[in-house]
1. So for the pair ALA34, HIS49, with labels modelled 7 Å out along Cα→Cβ, what separation do we get in nm?
2. Once you've got the GNM for the chain with C-alpha springs shorter than 10 Å, pick whichever of THR21, THR95, THR103 has the biggest mean-square fluctuation.
3. If R0 is 22 Å, what FRET efficiency do you get for THR18 and THR116 from their C-beta distance, rounded to 0.05?
4. Taking a cut-off of 29 Å between Cα atoms, list the lysines near LYS55, but don't count ones fewer than 8 places away on the same chain.
5. Suppose R0 equals 30 Å. What FRET efficiency, 1/(1 + (r/R0)^6) with r the Cβ-Cβ distance, do ARG7 and ARG105 give to the nearest 0.05?
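We did not get these values from a lab; they are worked out from the coordinates using the rules stated. Nothing here was measured: the structure is a model prediction, and the numbers come from that model. Positions of Cβ are backbone-derived with ideal geometry, glycine not excepted, and every protein chain shown enters the neighbour counts.
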Amino acid sequence: MPSLWKRVTQLILRLVETPYTQAVVLSAIITTSALLPAEGFGFKTCWLHAVLGVKCPGCGLTRSFIAMAHGRFLTAFQHHWVGPFLFAYFVLLWTDRVYRCTTLRPLFHFLEWKHTFSVFCWAIFAVWAVHITYLNNIAGS
């Protein structure tokens, strides 16, 4: 008999995989990006950067999402190179998940590819590595 922990974990994974849950989470991300002020908060929101002074791979993603939601595309790219593409992916994914909830079939079949989000994660780390290397080369010069 599986342990309680294993059953709870399986239940959570099944819940996360449903298009309803994904639509709700994506709705929250997109709506929050649109409601947050485009000018920023006036303080650093990344705890790693605030405490250690080191930019993490995701530094600028929130600001990039907010800029995209407000239609400031150039500013979005300045905050994070991957942010605008990831935001557009989330909007497409949200559209597909809402469509699935109503028709029970996918709208965009290419979103079925399980590795799409992994590609974005690798891209975020690649941008971070280039950024860190570039900054180290500038500082070392």
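1. Simple spin-label model gives 2.5 nm for this pair.
2. The residue with the greatest mean-square fluctuation here is THR103.
3. In this case the efficiency is close to 0.80.
4. LYS44, LYS114
5. Efficiency at R0 = 30 Å is approximately 0.50.
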